[in-house]
Structures are given as structure tokens and as C-alpha cells.
1. Whole number please: convex hull volume per residue of the Cα set in region 151-195, in Å³?
2. Would you check the accessible area of Lys211, probe 1.4 Å, heavy atoms only, in square angstrom rounded to 10?
3. Report, largest value first, the span of the C-alpha coordinates of region 114-247 along each principal axis, in whole Å.
4. If I compute solvent accessible area with a 1.4 Å probe over the protein chains, what percent of it on region 110-228 is carbon and sulfur?
5. Give me the percent of Cα-Cα pairs in region 112-180 that sit more than 13 Å apart, rounded to a whole number.
6. Not counting ligands, DNA or RNA, and with a 1.4 Å probe, what is Phe157's accessible surface area in Å² rounded to the nearest 10?
7. Which value, in Å² rounded to 10, gives the accessible area of Thr62 with a 1.4 Å probe and all protein chains present?
8. Calculate the FRET efficiency for Gln144 and Asp196 from the Cβ-Cβ distance with a Förster distance of 22 Å, rounded to the nearest 0.05.
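The values are calculated or read from the model by the stated rules, or taken from the named source; none is laboratory data. Quick caveat: nothing in here was measured; it's all calculated off a predicted structure. Please note: Cβ atoms are built from the backbone with ideal geometry, for glycine as well, and neighbour counts cover all protein chains shown. Remember, those area values only see protein heavy atoms, side chains included, never the ligands or the DNA or RNA. Shrake-Rupley method; radii C 1.70, N 1.55, O 1.52, S 1.80 Å.
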Amino acid sequence: MFRSWRKGIFIVLLGLFFIGITGCTQAKSGQPATESSRTAQVTNQKIPVNYYYPSSDSASATQVKQQLALLGDLPIAIQAQSLTSTAGQKIAAQLTGKNAAASTDPVLTIAGQPVVGKEVINQNLFKLVSETALQNLTTKQREQWLQANQSADTYTFFYKPECPYCNAVERYWSTMAAQGTYTNKKPVIHFINVLDPKNADIVSAYYSRYKVQQNEHIVPLLFKQQGYIVGSQKIMREFDARYGSQN
């Protein structure tokens, strides 16, 4: 009887041991994601960018894709569809009441927010897409993104939304990209709005890193792998020299 009792105790203890092991395993598998894994999840989320074009202007879809290619590894997912497609008809129907041109003019949606009109889209494409995408990254993640893939063909462009000289450079890049100038050798441009408070740390870090003089804290300002360029004309000449159609 004593042996039976000891055997029973042994079985109970053995059972508790296995229950403890199983519980520990489940606790580990059920642990919340680490900070690094959460960062990876946020960074890997892509902002949906949809371009709906009139059926008579399918070439513009290719041009928009070529233009957005200049944004490089920015976390965006680009799709282009005709306004006559199911999705195009739906977005046109939603907007026609507010903007009659939505049924005939191209429509760009960024994270669901629409922009109507070819001229408006071309003038604001880089700013609209980059600013929306960057809003979904923390300051640390944006700094990591800006430091990633630094090469002779990676640039960071400081601008202000209403700056006419900045807009001139952006129109120049849009035109060159749409013409296919950057097919063989493609630059990647990171757009940073210096007026956005969220970008203050990044702006300060670049000024410090490149030792930018106080009197040069102006826009447009383009940072490259070595040094920086101030002024629209100088920036465009730099790109003509490096990426002109003859290169």
C-alpha cells in the first residue's frame, strides 16, 4: 500500500511537471512582439497610392509610375487603373458630386485621400506622396530610412510647400522622369518638408552632419553623398551634368 501511495505521488508530480513545461512554452509563444519586431511591422506597411486615368490618356499612368520611382524605397504601393475600370468608376462617382472634373480628369488617391486634375497632380505629386508616407513613420524610423541605401545616386531634398523655387526643381524632376531620362541611371530623392514639426529632428541632424552654415538654412537645399547644393538652378545643373540624356 505504501508503494502504491508513493507511486501515486510520483505520477501526480510528474503530471504537474509537464503542465508547468507546457505553460511556460505557451507563455513564451504568447509574449507580445518586441520593439524591434513592431518597428519592422510599421516600416513594412505600404501606403496605397492609386492613379486613375482617362482611357484616352493611358500614357500618363506610365509617366506617374516613372515619376514616383524617384522616391525610391519609400513605403508606398502604386497601382494605376483607368477611370472606366470598376474601381475608377467608383471613385469618379464618389467625387463627381464634389468635383465635376473627376469624371474626366485623372484622380490620384493617397491612403484614400483624392487629388483631382492632371496639373495639380503633376505639381504636387512628390510632396503629396512623400509627406503622407512619412507621416506613418516615427522620427527614428524616418531617420533610419533616410540613412539607408546612401549612395552617389541618393539625395535628400529640403523644401517648403509654397516655395516657388522648390516647385521649379520638382517640376524639372517630374518632366525628366516622365521623359524617361532616368531609365539607365536612376536617382532616389527623399523629400523633407522643413516646415513640418515632425521633421525638426531630421532637419537639425542634417544641418549638423553636413555642417551647413546658418545663412544657408534656406530652401531648396539638396544633400548628396558628399556635400550639399543650395538653390534651384545649381540643383538642376547638377542633375543635368550627372543624369542628362547623353549619360
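1. 65
2. 150
3. Projected onto the principal axes, the Cα atoms of region 114-247 cover 37, 36, 28 Å.
4. On the way: 2770 of 5800 Å².
So the carbon and sulfur contribution to the accessible surface is 48 percent.
5. 73
6. Phe157 has an accessible surface of roughly 0 Å² with all protein chains in place.
7. 80
8. Using R0 = 22 Å, I get an efficiency of 0.80.
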